[in-house]
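My questions all concern the structure below.
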Amino acid sequence: MMLRLVVPKGSLERQTFELFAAADLKIQRSSEVDYRGTIDDARIDEVYVLRPQEIPVYVADGMFDLGITGRDWIEETGANVVTLGELVYSKTTEKPVQIVLAVHGTSTARRVEDLPAGTRVSTEYPRLTERFFADHGVRADVRLSYGATEAKVPEIADAVVEITETGRALEAAGLKVIDVVMESNTVLAANPTAAADPAKAHAMGQILTLLQGALDARSHVLVKLNVAERDLEAVVAVLPSLKSPTVSKLFGEGGFAIETVVPKSTINVLIPELKDRGATDIIELPLGKIVH
C-alpha cells in the first residue's frame, strides 16, 4: 500500500515544498523544473508537481490518491474529492485568500446586485463566477481570462473576479472590491475510493497529522525558565499555554523550572513580563511540530 501524491506547481510551489520538509516529508527531485519527485517515506510511492487548477480533477479521476490544492479550484472544477483537512498557508500570509468581485474605482456599484445585466466579467474562475452571479440574480457575460485579469478593466471588461491575499494588486490597478465570492484555503484532498480504503485512509491521516503539526509549530514557541518558589504563582499566572505548563522542582534549590508552549505573537510582551515577575534563565526555542 503506497500513495500517489500530487502537489501544486507555481505560486504555492516553494511554500508547499518547505511545508513538506518541515513535516519530515522532504520532496526530492532532480531539478526545480522536474514534474516528478520522491519522498523517502514508505507511505508515499511517487510525487508529481502539477498546476493546482488540474489537481482536483486528477485526484477525482483516480490518477492520484492524494493532492494539495486550493478550495477555490475544487469549487471551480466541481471535482468529487474528499477534503481531509485545511492547510492554512499561502504565498504571503497565514490567512485564507479571497476570491473577490472588483470593479473600476470610479464605479458607483457597491455590491454585485448593483451591476447591470450584461456586465462583462473577466476571470480565471468562469464556473464559480457564473454560479455567483446566478445566485444573486444578475445576468453577466462571463469571459475566461488567461492572466493579467485586473488589467482588463474598463476597456475589455467591466468587472473581474480575481483571487487576492491583500488586495494591493487590485488597488494598484485602480480597482475596488465590492463583493467576496468565497474564501479559500489550501486543502489536502483525497480520491473517494482511496479514502474508503482503510489502509490508505490511515496513511493519509498520518500524513495530514505531520503537515498540520508543522503548520501549528510555525505560530508557537517553547519557553523555558526558572523561578523562585515565592514568585511561582505570579509567573504561572501570565503564561498563555496550550495546556497547563510543566513545572518541575529544581535539584538542590528552592525554585522551579517551567516549560510551556505559547503563541509566537505574544512572546515580545511575555518575556519582559516574566522577567518583571521574577523569572530567570528564560529561553525561547523554535518548534518542529505540535500534534494535539
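Select, from Gly147, Gly167, Gly137, the only residue that is of a type in the set (Gly, Ala, Ser) and closer than 30 Å to Asp216 by Cβ.
The unique qualifying residue is Gly167.
While we're looking at this one, here's another question. Out of (1) under 16 Å from Leu215 (Cβ atoms); (2) surrounded by 18 or more Cβ atoms within 10 Å (Cβ to Cβ), the odd one out for Ala21 is which?
All conditions are met except number (2).
Which condition number does Ser244 fail, the rest of (1) modelled with pLDDT under 95; (2) farther than 30 Å from Leu84 by Cα being met?
(2)
So, one more: How many residues are in contact with a helix residue (DSSP H, G or I) (Cβ under 8 Å, 6 or more places away or on another chain) and under 17 Å from Val59 (Cβ atoms) if we restrict to region 6-19?
Initial filter on region 6-19 (in contact with a helix residue (DSSP H, G or I) (Cβ under 8 Å, 6 or more places away or on another chain)): 6-8, 19.
From what is left, the residues that are under 17 Å from Val59 (Cβ atoms) are 6-8.
So the answer is 3.
Residues that are hydrophobic (A, V, I, L, M, F, W, C) and within 18 Å of the chain's Cα centre (by Cα): list the strands (runs of 3 or more DSSP E) wholly contained in region 35-153 that include at least 1 such residues.
Numbers: elements: 36-39, 44-50, 66-70, 82-87, 97-104, 119-123, 140-144.
Of the strands (runs of 3 or more DSSP E) lying wholly inside region 35-153, those with at least 1 residues that are hydrophobic (A, V, I, L, M, F, W, C) and within 18 Å of the chain's Cα centre (by Cα) span 44-50, 66-70, 82-87, 97-104.
Considering only region 157-193, state which residues are of a type outside the set (A, V, I, L, M) and under 19 Å from the mean Cα position of the chain (by Cα).
Those that are of a type outside the set (A, V, I, L, M) and under 19 Å from the mean Cα position of the chain (by Cα): Glu162, Thr164, Glu165, Thr166, Gly167, Glu183, Ser184, Asn185, Thr186.
Here's another thing I want to ask about it. Which residues, counting only those in region 259-272, are in contact (Cβ under 8 Å) with a residue 24 or more places away in the chain, out of contact with any strand residue (DSSP E or B) (no Cβ under 8 Å at 6 or more places or on another chain) and loosely packed, with under 14 Cβ neighbours inside 10 Å?
Ser265
Quick grid of which residues meet (1) modelled with pLDDT under 95; (2) within 20 Å of the chain's Cα centre (by Cα):
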{"site": "Leu208", "(1), (2)": "no, yes"}
{"site": "Leu211", "(1), (2)": "no, yes"}
{"site": "Ser219", "(1), (2)": "yes, yes"}
{"site": "Arg230", "(1), (2)": "yes, no"}
{"site": "Leu274", "(1), (2)": "no, no"}
{"site": "Val291", "(1), (2)": "yes, yes"}
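Moving to a separate point now. Mind checking whether some residue in region 124-131 is on the phi > 0 side of the Ramachandran plot and not assigned by TED's automatic domain parsing to the domain that holds Glu18?
There is no residue in region 124-131 that is on the phi > 0 side of the Ramachandran plot and not assigned by TED's automatic domain parsing to the domain that holds Glu18.
So which of Ser145, Ser122, Ser184 ends up being crowded, with 16+ Cβ neighbours inside 10 Å, over 25 Å from Val59 (Cα atoms) and polar (S, T, N, Q)?
Ser122
Working carefully through the options Val153, Val138, find the one that is of a type outside the set (S, T, N, Q) and closer than 17 Å to Leu175 by Cα.
Numbers: Val138 fails: closer than 17 Å to Leu175 by Cα.
After ruling out the rest, the residue left standing is Val153.
Residues checked against (1) under 28 Å from Ala117 (Cβ atoms); (2) out of contact with any Ser or Thr (no Cβ under 7 Å at 6 or more places or on another chain); (3) in a helix (DSSP H, G or I); (4) free of Cβ contacts under 8 Å to residues at least 40 places away in the same chain:
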| site | (1), (2), (3), (4) |
| --- | --- |
| Glu155 | yes, yes, no, yes |
| Glu162 | yes, no, no, no |
| Ala169 | no, yes, yes, yes |
| Asp179 | yes, yes, no, no |
| Met182 | yes, yes, no, no |
| Val187 | no, no, no, no |
| Ala194 | no, yes, yes, no |
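The values are calculated or read from the model by the stated rules, or taken from the named source; none is laboratory data. In this text, all values refer to a predicted model and were calculated from it rather than measured experimentally. Every residue, glycine among them, receives a Cβ derived from its backbone with ideal geometry; neighbour counts consider all protein chains shown.
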